[in-house]
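Single-structure report; data block below.
The values are calculated or read from the model by the stated rules, or taken from the named source; none is laboratory data. In this text the structure is predicted, and so the values were computed from the model without any measurement. With ideal geometry, Cβ positions are generated from the backbone for all residues, glycine too; neighbour counts draw on all protein chains shown. Each accessible area value is taken on the protein alone, full model and side chains, heavy atoms only, with ligands, DNA and RNA left out. Shrake-Rupley method; radii C 1.70, N 1.55, O 1.52, S 1.80 Å.
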Amino acid sequence: MNESQLYDKMKQIEGKYLKPHSFEQFKNYWLPEKIVKESKNVLSLGVHRDVGFEQAMCMFNKNLNIHLYDPTPDSVKLFQSDFAYKNKMTYHQVAYAKDNGKMKFYYDKNDLTKCYSLIPLPQFGEDPAYIEVDTKNLVTMMKEDMPQVDIIKADIEGVWYDFCREVLDNDIQSGYLIPLVCFLVILYFGVFGHKVKNVE
């Protein structure tokens, strides 16, 4: 699929799923109220010690089954503690990547509050620290953990393009696909080489 075909496919998905809705705020994200009320299964990629979004959805819909994927040490520590709606969540100490296996997960050793990334980002310095993590792609996650998905939240540093390609190339079907990372990253870094200015 070339860039033009990818753009056309994204517009087709946009026309099908982005219809007028009444939106509700779930911590730092806004989702259509009706979609959250009618959903059962949620995949949440990227947590980094904060499940406020997932908890807010559970307050709105107590029937959710949420699978969360994030190998960061902060997330491991979070899931060793008790918190509201933990019984609705299944935690996987795994990172999203286009290939299944093991990869380096980079971070800023001088500031552990920053996000981790499968890509050694410049802000991590010349010799970034890393941990080795297990990785799974979306097709594998769905096959092994949740064959029927209603909502997908993907807040995954540096691999948004791989995620979007996987969704489009495999014609991933779900009740409602909300790849939030695409919109967040596209706004700030541009898409297909076209930069977006004055976003704030």
Do any helices (runs of 4 or more DSSP H) entirely within segment 1-99 hold 3 or more residues that are open to solvent by 60 Å² or more (accessible area, probe 1.4 Å) and either of a type in the set (Lys, Arg) or within 21 Å of ASP171 (Cβ to Cβ) (or both), and if so, which?
-> 3-17
Show the residue pairs that are 6+ apart or on different chains and have beta-carbon atoms under 6 Å apart, the first residue being within segment 125-145 and over 15 Å from MET103 (Cβ atoms), the second being in a strand (DSSP E or B).
-> ASP145/HIS67
Flagged pairs (Cβ under 6 angstrom, 6 or more apart or on separate chains; first in segment 35-63, aromatic (Phe, Trp, Tyr); second crowded, with 22+ Cβ neighbours inside 10 Å) are PHE60/VAL36
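So, in segment 143-159, of the ones that are open to solvent by 20 Å² or more (accessible area, probe 1.4 Å), closer than 23 Å to MET89 by Cβ and not polar (S, T, N, Q), which residue ends up modelled with the lowest pLDDT?
Here the residue is GLU157.
Quick check on segment 106-139: of everything there that is among the hydroxyl-bearing types (Ser, Thr, Tyr) and surrounded by 14 or more Cβ atoms within 10 Å (Cβ to Cβ), which residue is farthest from the chain's Cα centre (by Cα)?
Filtering segment 106-139 down to residues among the hydroxyl-bearing types (Ser, Thr, Tyr) leaves 106-107, 113, 116-117, 130, 135.
Of the ones still in play, those that are also surrounded by 14 or more Cβ atoms within 10 Å (Cβ to Cβ) are 106-107, 116-117, 130, 135.
On the way: TYR106: 17, TYR107: 18, TYR116: 13, SER117: 13, TYR130: 21, THR135: 14 Å.
Restricting to residues being among the hydroxyl-bearing types (Ser, Thr, Tyr) and surrounded by 14 or more Cβ atoms within 10 Å (Cβ to Cβ), the top hit is TYR130.
So which of LYS86, LYS104, LYS98, LYS136 is among the charged types (D, E, K, R), under 24 Å from TYR7 (Cα atoms) and modelled with pLDDT of 90 or more? Give the derivation first.
On the way: LYS86 fails: under 24 Å from TYR7 (Cα atoms); LYS104 fails: under 24 Å from TYR7 (Cα atoms); LYS136 fails: under 24 Å from TYR7 (Cα atoms).
Exactly one of LYS86, LYS104, LYS98, LYS136 is among the charged types (D, E, K, R), under 24 Å from TYR7 (Cα atoms) and modelled with pLDDT of 90 or more, namely LYS98.
If you go through segment 99-124, how many residues are among the small types (Gly, Ala, Ser) and touching a residue at least 40 places away in the same chain (Cβ under 8 Å)?
Kept after step one, since they are among the small types (Gly, Ala, Ser), are these residues of segment 99-124: 101, 117.
Retained after the next criterion (residues that are touching a residue at least 40 places away in the same chain (Cβ under 8 Å)): 117.
Result for segment 99-124: 1.
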